[in-house]
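K.L.:
Have a look at this one.
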Amino acid sequence: MDKNAGLQYVKRDYRSLHKGKDLHYFHLSLKETDLAIGVDSESYTNSLLSLCEQEVRKLRADLETYINLHHEFRTSFEPITLLPGAPPLAVTMARAAFQAGVGPMAAVAGAFAQAVGEKLRTHVRDIIVENGGDIYIYSSSDRLISVFAGQSKFSKKIAVKVQASESPLGICTSSGTVGPSVSLGKADAVVIKGVNAALADAAATGAANRVQTAEDLLLAVDYVKTIKGITGILAIKDDRMAAWGNIEIVPL
C-alpha cells in the first residue's frame with residue numbers, strides 16, 4: 001500500500017469529503033472505536049457527546065466481556081452460534097454475519113455506528129454516524145457519500161447519492177488496499193448499501209474478499225444479490241468499477 005494513502009486513512013482525512021454543511025460534527029474515540037458524528041445544527045447540544053460516550057462505553061464493555069467468554073467470536077472468519085446471554089450488539093453482529101457468510105467481527109464497525117445512531121436518533125432530526133468508513137444515516141434530505149478508493153482513478157472523484165426516502169440506511173465500505181481492517185481480497189473499494197449498517201458492513205467484507213483483480217468485480221456483485229436486505233453495491237478495482245441495485249453515482 002502506498003505510504004501516503006495509508007497515512008490519509010489513519011488520520012481519517014477522508015472525513016472532510018462528506019461533511020454536510022448543515023450538520024454539526026463531533027468526534028468520539030475510545031480504543032478501536034473512532035466515530036465522526038454529524039447531527040442537524042438545530043438539534044445539537046453538548047449533552048449529545050456525553051450520551052454518545054456513555055453508549056459506546058456500555059457497548060464496548062458488554063462486547064469485551066462476551067468475547068472473553070467466547071474467543072471464537074473474535075477470530076472466526078465464518079458465521080458462528082452464539083453462547084446463551086450474548087449482548088444485543090453481539091446478536092446484531094452474528095445475525096449480519098450469518099446473512100453475509102462471514103465472521104461476526106466483519107460487522108463490528110457497522111454495528112457500533114448503527115447502535116449509536118439509533119441511540120441518538122430520538123434526540124435529533126438528522127444524524128450520520130461514521131466509524132472507519134462504515135456509516136449509519138438517518139436524514140431528512142438527500143446526501144452525497146464520497147468514495148475513497150486508494151490509488152484508483154475514481155478515488156475522491158465520485159460519490160454515492162443517498163435519497164432521504166432510504167433512511168434509515170447503512171452504507172459501508174471495505175477495501176483490501178486501504179486501511180487496517182483485515183480483507184482477503186484486493187479491492188480498492190466496495191461500497192454497500194443495506195437496510196442496516198451491520199449487514200452492510202458484513203456484506204462489504206464478503207464482497208471485497210472476492211475481488212483479487214478487476215476481472216472479479218462481477219463476482220462481488222453476484223454475491224450481494226443473494227443477500228436479503230442489501231440494496232446496492234459499487235465495487236472498484238484499479239480503473240474499473242461495477243455497480244448493481246439502488247446505486248446512483250455522482251461526479252464530484
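The numbers here are math on the coordinates, done by the rules we state, and not lab data. All of these numbers come straight from a predicted model, not from anything done at the bench. As a convention, Cβ positions derive from the backbone with ideal geometry for all residues, glycine included, and neighbour counts pool all protein chains shown.
K.L.:
Between Asp142 and Gln54, what is the FRET efficiency for a Förster distance of 35 Å, r being their Cβ-Cβ separation, to the nearest 0.05?
P.N.:
Working: r = 31 Å, r/R0 = 0.90.
The computed FRET efficiency comes out at 0.65.
K.L.:
Taking only DSSP H segments of four or more residues, each worth -39500 (n - 2.57), what value at 222 nm results for the chain once the sum is divided by all its residues, to the nearest 500 deg cm²/dmol? If you can, show how the numbers build up before the last one.
P.N.:
Numbers: 7 runs with 85 residues, N = 252.
Helix contribution divided over all residues of the chain: -10500 deg cm²/dmol.
K.L.:
Return the distance in nm (one decimal) between the two label points of a simple spin-label model at Tyr25 and Ile67, each offset 7 Å from Cα along Cα→Cβ.
P.N.:
2.7 nm
K.L.:
Here's something else I'd like to know. Once you put a point 7 Å from the Cα of Leu252 and another 7 Å from the Cα of Arg125, both along the Cβ direction, what distance in nm separates them?
P.N.:
Label-label distance for Leu252 and Arg125, simple model: 2.6 nm.
K.L.:
Only helices at least 15 Å long along their axis, Cα-based, and averaging -1.0 or more on Kyte-Doolittle count here, so list those DSSP H runs from the chain.
P.N.:
47-69, 88-100, 108-121, 197-209
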